[in-house]
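What follows is a short report on a single structure.
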């Protein structure tokens with residue numbers, strides 16, 4: 001042994017145990033231990049491949065996470081799992097999740113946990129589910145972790161049977177170190193024991209969050225006005241925890257596309273928190289059915305968001321088939337509303353089937369047909385959509401139930417009609433995707449008369465194609481009872497077929513929606529002059545087709561801001577208020593405040609130029625940075641001239657600013673920080689600030705400078 005090696009050993013001696021192993025670690029050369037480590041790694045790798053059935057690639061990754069040096073412990077662990085009839089594939093999944101389980105002593109740790117669960121009444125199948133779903137629990141100490149968590153759960157649910165049900169529902173709760181803290185947060189907030197009982201039995205996954213995040217959501221839900229002593233508080237808390245911020249925003253955007261305002265979304269959430277947990281596809285399907293097929297206003301579902309959770313196939317569609325049949329026969333006079341969909345099955349049959357003795361057999365058949373999946377019809381429809389319309393199999397499968405075709409005769413005729421009007425195949429697919437029911441409509445008696453009516457009023461063929469492709473739903477509305485009356489109503493205001501057609505092109509929902517007349521009446525009643533309505537129909541007709549649930553609150557908000565309905569500023573302010581969601585409005589307010597604007601200045605800017613609230617955050621920031629940081633302006637100048645936010649930086653503001661800076665540097669103007677030059681037309685600007693100074697003050701480079709800046713912007 002070299003002196004250096006010997007000296008190191010002597011130095012380490014006071015810190016080492018008397019066991020010979022540490023001495024060997026110091027005295028034996030490093031390559032010796034490298035060889036041993038390599039052999040052990042090779043052993044573990046081969047064991048995972050040969051005894052567990054892992055692929056070489058998976059085994060290579062897992063071998064770095066296990067530490068057994070012989071087969072004794074892993075063999076015993078595998079035998080224990082196989083005696084529980086756990087399949088090899090499930091054992092591999094278990095090891096993949098918690099590789100260190102192979103290094104555990106099955107007699108001293110794993111078996112104790114399993115025996116404890118058995119002593120509480122857990123069956124082998126329950127135990128298998130628990131440990132395969134949460135193998136990490138096998139690493140936890142029975143006395144310090146498993147038993148205390150079990151006893152805590154049992155103290156609320158009151159029996160071993162219910163405790164095991166909770167654990168089976170969410171096995172990770174058994175070793176969750178945060179559980180006691182989260183329960184304490186809920187109790188301190190005012191959630192009763194019965195509420196915690198409900199969460200543990202129904203939604204135990206709620207307790208899988210970090211304490212800080214959990215407490216934050218509890219405070220958020222409480223701040224929204226939910227009472228912690230009520231079940232709705234727990235439903236809202238679960239919803240907020242599961243969705244998170246991005247999930248919540250995605251749902252808000254989805255409901256917003258169906259016309260729900262922020263207030264409407266919150267109202268629905270307050271009534272039925274789980275409406276925010278409904279899948280996107282389910283929301284789309286239910287909304288599409290009630291709005292596009294039943295003709296409801298989407299705001300109706302705000303009052304009864306529970307409808308979004310009902311099964312389309314087993315409840316909504318079968319009942320709708322019965323109700324529409326009764327209505328078509330004049331057996332019920334009222335328009336189909338939400339009530340029949342909310343009743344129990346027994347009450348629905350009693351009130352809408354059994355009491356109509358003559359029609360009862362047919363009604364039952366209708367209901368059963370709507371509820372029963374027809375594989376042959378599905379296959380035919382999907383094949384038709386793929387083969388004749390060019391849909392992908394996935395898209396065809398998603399819409400077939402809305403058009404269960406019996407033959408190709410009628411849809412072939414519909415497609416032939418569209419092709420004769422110069423619709424492309426992709427445009428026809430877009431039409432079918434938005435209004436699949438058209439394939440079941442009579443092309444001669446139903447579709448063509450509506451197209452012909454618009455052509456007779458001056459709509460060109462190319463514009464007809466654009467209109468139908470963008471909004472084909474009007475083709476499902478009655479020509480005599482809806483389309484012509486809506487057309488004539490618009491014409492009364494704008495005065496000619498040409499202007500009416502222009503309005504329809506700009507706002508195609510005018511002839512497909514049902515809100516137009518109601519919204520115009522509201523505006524006239526509050527004092528908007530007829531000229532204002534005409535201006536809207538000419539410029540922003542889509543504004544008048546917004547559903548009442550969004551339109552009326554927007555009207556009230558603009559009035560509260562002090563805008564006179566009889567003045568021209570009311571219409572742009574209303575447009576901005578409807579287009580901008582509450583959350584976006586608040587974010588714009590915060591952005592302007594960041595640049596020093598007060599609430600009063602923001603309101604004045606909005607009243608002066610409402611469009612300043614519609615501009616993107618990046619555009620607002622760019623304009624502010626240019627004037628405040630580059631040109632040295634006070635941001636309050638822009639508050640009194642908010643139109644600057646809407647003007648093009650590249651094509652107007654920057655080129656003109658450079659000209660003014662140039663003139664100031666030559667002493668030709670005293671103050672470059674004047675607003676007038678940015679308001680005037682380009683010709684007038686060139687005349688007053690470029691051509692004039694080139695002639696009078698010999699500044700030949702001025703036009704070149706202006707053109708250079710304009711070219712750079714282009």
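Taken over the stretch 169-184, the criterion of being surrounded by fewer than 18 Cβ atoms within 10 Å (Cβ to Cβ), at pLDDT below 90 and in a helix (DSSP H, G or I) is satisfied by 169, 172. Assigned to a loop (DSSP other than H, G, I, E, B), modelled with pLDDT of 85 or more and farther than 25 Å from residue 149 by Cβ: does that describe residue 226? The answer is yes for residue 226. Residue pairs whose Cβ atoms lie under 7 Å apart, separated by 6 or more positions or on different chains, with the first residue in the stretch 393-410 and over 17 Å from residue 286 (Cα atoms) and the second modelled with pLDDT of 80 or more and not in a helix (DSSP H, G or I), are 408/388. Checked against (1) assigned to a helix (DSSP H, G or I); (2) within 28 Å of residue 638 (Cα to Cα); (3) modelled with pLDDT of 90 or more, residue 585 passes all but a single condition, namely (3).
Table: residues versus (1) within 17 Å of residue 519 (Cα to Cα); (2) part of a loop (DSSP other than H, G, I, E, B); (3) modelled with pLDDT under 90.
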residue: 562; (1), (2), (3): no, yes, yes
residue: 566; (1), (2), (3): yes, yes, no
residue: 590; (1), (2), (3): no, no, no
residue: 615; (1), (2), (3): no, yes, no
residue: 624; (1), (2), (3): no, no, no
residue: 627; (1), (2), (3): no, no, no
residue: 633; (1), (2), (3): no, yes, no
residue: 639; (1), (2), (3): no, no, no
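Please tell me if residue 248 is more than 26 Å from residue 431 (Cβ to Cβ), surrounded by fewer than 21 Cβ atoms within 10 Å (Cβ to Cβ) and at pLDDT below 90. Against the criterion (more than 26 Å from residue 431 (Cβ to Cβ), surrounded by fewer than 21 Cβ atoms within 10 Å (Cβ to Cβ) and at pLDDT below 90), residue 248 qualifies. Can you find a residue that is in a helix (DSSP H, G or I), farther than 30 Å from residue 468 by Cβ and within 32 Å of the chain's Cα centre (by Cα) anywhere in the stretch 498-512? No, because not a single residue in the stretch 498-512 is in a helix (DSSP H, G or I), farther than 30 Å from residue 468 by Cβ and within 32 Å of the chain's Cα centre (by Cα).
Residue count for the stretch 251-279 satisfying the condition of being farther than 28 Å from residue 395 by Cβ, modelled with pLDDT of 85 or more and part of a helix (DSSP H, G or I): 10.
Tell me yes or no: at least one residue of the stretch 645-655 is touching a helix residue (DSSP H, G or I) at 6+ places or on another chain (Cβ under 8 Å), at pLDDT 90 or above and farther than 30 Å from residue 589 by Cβ. Yes, some residue in the stretch 645-655 is touching a helix residue (DSSP H, G or I) at 6+ places or on another chain (Cβ under 8 Å), at pLDDT 90 or above and farther than 30 Å from residue 589 by Cβ. Whether a residue is surrounded by fewer than 12 Cβ atoms within 10 Å (Cβ to Cβ), at pLDDT below 65 and out of contact with any helix residue (DSSP H, G or I) (no Cβ under 8 Å at 6 or more places or on another chain) was assessed, and residue 89 does not pass this test. Scanning the stretch 113-137 for residues that are under 17 Å from residue 82 (Cα atoms), more than 38 Å from the chain's Cα centre (by Cα) and buried (at least 16 other Cβ atoms within 10 Å of the Cβ) gives 113, 114.
Checked against (1) within 24 Å of residue 632 (Cβ to Cβ); (2) in a helix (DSSP H, G or I); (3) in contact with a helix residue (DSSP H, G or I) (Cβ under 6 Å, 6 or more places away or on another chain); (4) without any contact (Cβ under 8 Å) to a residue 60 or more places away in the chain, residue 694 passes all but condition (1). How about the stretch 311-353: which of its residues are assigned to a loop (DSSP other than H, G, I, E, B), surrounded by fewer than 17 Cβ atoms within 10 Å (Cβ to Cβ) and at negative phi? Passing the criteria: 311, 329, 331, 333, 334, 335, 337, 338, 343, 344.
Screening the candidates 270, 298, 321 for the property of being closer than 18 Å to residue 515 by Cβ and touching a residue at least 12 places away in the same chain (Cβ under 8 Å) yields one hit, 298.
Any residue in the stretch 570-580 that is part of a helix (DSSP H, G or I) and closer than 22 Å to residue 676 by Cβ? The answer is no, given that none of the residues of the stretch 570-580 is part of a helix (DSSP H, G or I) and closer than 22 Å to residue 676 by Cβ.
Only one entry of 463, 430 meets the criterion of being modelled with pLDDT of 90 or more and under 27 Å from residue 284 (Cα atoms), and that entry is 430. Of everything in the stretch 595-620 that is loosely packed, with under 14 Cβ neighbours inside 10 Å and within 20 Å of residue 651 (Cβ to Cβ), the residue that is nearest to the chain's Cα centre (by Cα) is 616.
From the list 282, 240, the lone residue that is outside any loop (DSSP other than H, G, I, E, B), surrounded by fewer than 20 Cβ atoms within 10 Å (Cβ to Cβ) and modelled with pLDDT of 85 or more is 282. The number of residues in the stretch 102-137 being more than 15 Å from residue 174 (Cβ to Cβ) and in a helix (DSSP H, G or I) comes to 8. Annotation note: Cβ proximity below 6 Å between a residue of the stretch 120-131 that is touching a residue at least 40 places away in the same chain (Cβ under 8 Å) and a residue that is assigned to a loop (DSSP other than H, G, I, E, B) and crowded, with 17+ Cβ neighbours inside 10 Å (sequence gap 6+ or interchain) occurs for 128/86.
Residue under question is residue 366, and the condition is that it be part of a helix (DSSP H, G or I), surrounded by 17 or more Cβ atoms within 10 Å (Cβ to Cβ), within 38 Å of the chain's Cα centre (by Cα) and at pLDDT 65 or above; does it hold? Criteria not met by residue 366.
When you go through (1) surrounded by 14 or more Cβ atoms within 10 Å (Cβ to Cβ); (2) at pLDDT 90 or above; (3) over 21 Å from residue 585 (Cα atoms) one by one for residue 672, which number turns out not to apply? For residue 672, the exception is condition (2).
Looking at the structure I just gave you, is residue 187 under 31 Å from the mean Cα position of the chain (by Cα) and assigned to a helix (DSSP H, G or I)? The answer is no for residue 187.
Within the stretch 544-573, the set of residues being surrounded by 19 or more Cβ atoms within 10 Å (Cβ to Cβ) and over 17 Å from residue 262 (Cβ atoms) comprises 544, 545, 563, 565, 570, 571, 572, 573. Residue count for the stretch 99-112 satisfying the condition of being under 21 Å from residue 163 (Cβ atoms) and surrounded by 21 or more Cβ atoms within 10 Å (Cβ to Cβ): 1. Residues that are assigned to a helix (DSSP H, G or I) and surrounded by fewer than 19 Cβ atoms within 10 Å (Cβ to Cβ) within the stretch 430-449 comprise 430, 433, 434, 437, 440, 444, 445, 446, 448, 449, listed in sequence order. The residues listed here are 547, 525; of these, the one that is out of contact with any helix residue (DSSP H, G or I) (no Cβ under 6 Å at 6 or more places or on another chain) and touching a residue at least 60 places away in the same chain (Cβ under 8 Å) is 547.
The values are calculated or read from the model by the stated rules, or taken from the named source; none is laboratory data. The structure displayed is predicted, hence computed values, not measured ones. Heads up, the Cβs are rebuilt from the backbone with ideal geometry, glycines too, and the neighbour counts pull from every protein chain shown.
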